[in-house]
């Protein structure tokens, strides 16, 4: 018996997930301010999330641990190392150097990169409305960077956010390829393996016995409340990664691709509000307008593509 769809339930689930990710941007930026390297924080996040997802898959679909063939192994490896690892790491560098909302606006241009790949590499037709969306998004980015008064943003931060967008585009493209195999893998086990290969990558690059565990003993401030860095790390892993991912999976059972895309665009807006309230990150009027224009262009391009 097919599940009865409830758009209202889908919107609520997705908005809750976006809210959690928005708070997580501020939490992660606070942790980065302790001096812990972005690579180490990325390692902690993906590895702990991987362990949580292993438990979920063990309980719900143990057969999904099996990687079926060499081709799927290569795709999952690419998905984990270039998609998951690079997106997380470059995003952390970006929010360390830029306001959280601006970093997310730039990262959210990933769908436009996907459209360009589909057009120029796969030689597929792209609707004219997508090109209009691209033009609108670029106009918005010009407003965000305020280029007429000299480049106001940290160059490395912008480059990292753009790199995170490219990695996220790889995440989308490879993930779509995995899901469109002859016998498609379910999204939960696919994400588990993505986090798994990301965890293996970091474990090789920087072994766990060199991890600076002492940073978890410190205390941080969010708004008027004090938190231990260990509790903030747990939030980042559970409420900022595992739970919102599950909420999105539940949401897309009730929403169309267009509805999901539109709801997802609330994350940079919510993240900017949270960072403004807690971190005091104030965006200029042009940056706010530019962010909204960019997100509108991305949404238009996504709507046309799907």
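A few points about this structure:
- Region 162-306 shape via C-alpha gyration tensor axes, a/c threshold 1.5: oblate
- A simple spin-label model places the labels of residue 5 and residue 186 2.1 nm from each other, with each point 7 Å out along Cα-to-Cβ.
- Length-normalised contact order of region 7-305 in % [C-alpha pairs under 8 Å, at least 6 apart]: 42
- Ordered by the number of other Cβ atoms lying within 10 Å of each residue's own Cβ, fewest first, 222, 51 fall into the sequence 51, 222.
- Normalised by 2.2 N^0.38 Å, with N the number of residues, the alpha-carbon radius of gyration of region 7-305 equals 0.98.
- Among 248, 57, 121, the largest mean-square fluctuation in a Gaussian network model of the chain (Cα springs under 10 Å) belongs to 121.
- Subtracting the Cα-Cα distance of residue 179 and residue 37 from their residue separation scaled by 0.36 nm leaves 47.8 nm.
- Prolate/oblate/rounded call for region 69-227, Cα gyration tensor, a/c under 1.5 rounded: oblate
- Distance (nanometres) between label positions extended 7 Å along Cα→Cβ at residue 203 and residue 239: 2.9
- Comparing 268, 212, 244 in a Gaussian network model of the chain where C-alpha atoms under 10 Å apart are linked, the largest mean-square fluctuation is found at 212.
- Theoretical gain in end-to-end length, residue 282 to residue 250 [0.36 nm per residue, Cα-Cα removed]: 8.2 nm
- Highest GNM mean-square fluctuation among 267, 71, 281, for the chain modelled with Cα contacts below 10 Å: 71.
Readers should treat all values here as calculations from the given coordinates under stated rules, not as data from a laboratory. This structure is a prediction, so every number in the text was calculated from the model and none was measured. For neighbour counting, all protein chains shown are included, and Cβ atoms are generated from backbone atoms with ideal geometry for every residue, glycine included.
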